[in-house]
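Okay, so here's the structure we're looking at.
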Amino acid sequence: MVNCSESNGREKIMEISNILNRILQIEHGFQHIIDGADEILSVGSNERCFELALELFKNKAYQIRMLATAILGRLATENNNALSFLKEEVSTDGNWRVQEMLAKAFDEVCKHRGYETSLPLIEEWINDDNPNVIHAVTEGLRIWTSRPFFKENPSIAIALIAKRKAHESEYLRKSVGNALKDISKKHCELIRAEVLQWDLSDSRVLFTYKLATKLLK
């Protein structure tokens, strides 16, 4: 005779298996993966979900690694081990979709903790050596000035983003330039004042400048 706990355990395994199979059928998009992460978190303890996420991240399918990243992003709001795994392990994944999910996960952490409270964390990640870690910040918080705290303090957002204007990674500089361009829609004079200080003889800075000033007249 099967007891209730065994039966419930099998039901949860089946439910998670169904979620994984559903996600594997879809090649593009993020929302279905975020929804899947929320479903998994609703049927298991945070401890078990953390263990599951670590296991899922070993999967060859990028969709499953994206799911693991989304789960870790939810857990990292309060679990520093999950946050460390995102920074140290997920950031090394070679799939761009996984890196986009990392950006969403980082924003989830900042949103939950509060953007002002998260300033030390934002500065830590934006000063990292790994361009994917930095990208998680520059891309995850877009549009920066639509976020609480940065909405009232656009100059702080601009200063943080502009730190990486000359990074060797073109992929990252594109994110930096576009993030500043976003802000220029409402704060054109602040962006203009920022870029006037840039050394445009540096080809990397010039690349970022062209993107950042695209909407300036």
Entries of 165/186; 111/214; 186/217; 185/214; 185/210 with Cα pairs more than 22 Å apart
111/214
How big is the charge dipole of the chain about its Cα centre, in debye rounded to the nearest 20, if each Lys and Arg gets +1 on its Cβ and each Asp and Glu gets -1 on its Cβ?
940 debye
In square nanometres and to one decimal, what's the mean projected area of the convex hull around the Cα atoms of the stretch 156-217?
3.6 nm²
Using just the helices of the chain, give the 222 nm mean residue ellipticity in deg cm²/dmol: DSSP H runs with n ≥ 4 each add -39,500 (n - 2.57), and the total is spread over all residues, rounded to 500.
-21000 deg cm²/dmol
Which length gain, in nm to one decimal place, applies between residue 48 and residue 117 when the Cα-Cα distance is subtracted from 0.36 nm times their residue separation?
22.0 nm
Around residue 81, what is the net charge, scoring Lys/Arg as +1 and Asp/Glu as -1 over all other residues with Cβ under 13 Å from its Cβ?
-4
Quick one: accessible surface of residue 181, probe radius 1.4 Å, all protein chains present, in square angstrom to the nearest 10.
40 Å²
Sorted by accessible area with a 1.4 angstrom probe, largest first, how do 51, 139 fall?
51, 139
Near residue 109, within a Cβ-to-Cβ distance under 13 Å, what is the net charge of the other residues, with Lys and Arg +1 and Asp and Glu -1?
+2
Matching label for the computed mean projected area of the Cα convex hull in nm², out of (1) 11.9; (2) 16.7; (3) 13.0, is (3)
From most to least accessible, 1.4 Å probe, no ligand or DNA/RNA atoms counted, 129, 202 line up as 129, 202
For the chain, take the longest principal axis of its alpha carbons; what is the angle in degrees between that and the long axis of helix 131-140, to the nearest 10 within 0 to 90?
90 degrees
Count the net charge of all other residues whose Cβ sits under 12 Å from the Cβ of residue 209, scoring Lys and Arg as +1 and Asp and Glu as -1.
+4
I'm a student and want to see the number: the projected area of the Cα convex hull of the stretch 91-141, averaged over all directions, in nm².
3.0 nm²
In degrees, nearest ten, helix 62-75 long axis to first principal axis of the chain (Cα)
80 degrees
Roughly how much of residue 185 is accessible, in Å² to the nearest 10, using a 1.4 Å probe?
130 Å²
Quick one: angle between helix 170-184 and the longest Cα principal axis of the chain, in degrees between 0 and 90, rounded to 10, please.
70 degrees
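The values are calculated or read from the model by the stated rules, or taken from the named source; none is laboratory data. Note that the coordinates shown come from a computational prediction; the quantities given were computed from them, not determined experimentally. Cβ: placed from backbone, ideal geometry, glycine included. Neighbour counts: every protein chain shown. Each accessible area value is taken on the protein alone, full model and side chains, heavy atoms only, with ligands, DNA and RNA left out. Shrake-Rupley method; radii C 1.70, N 1.55, O 1.52, S 1.80 Å.
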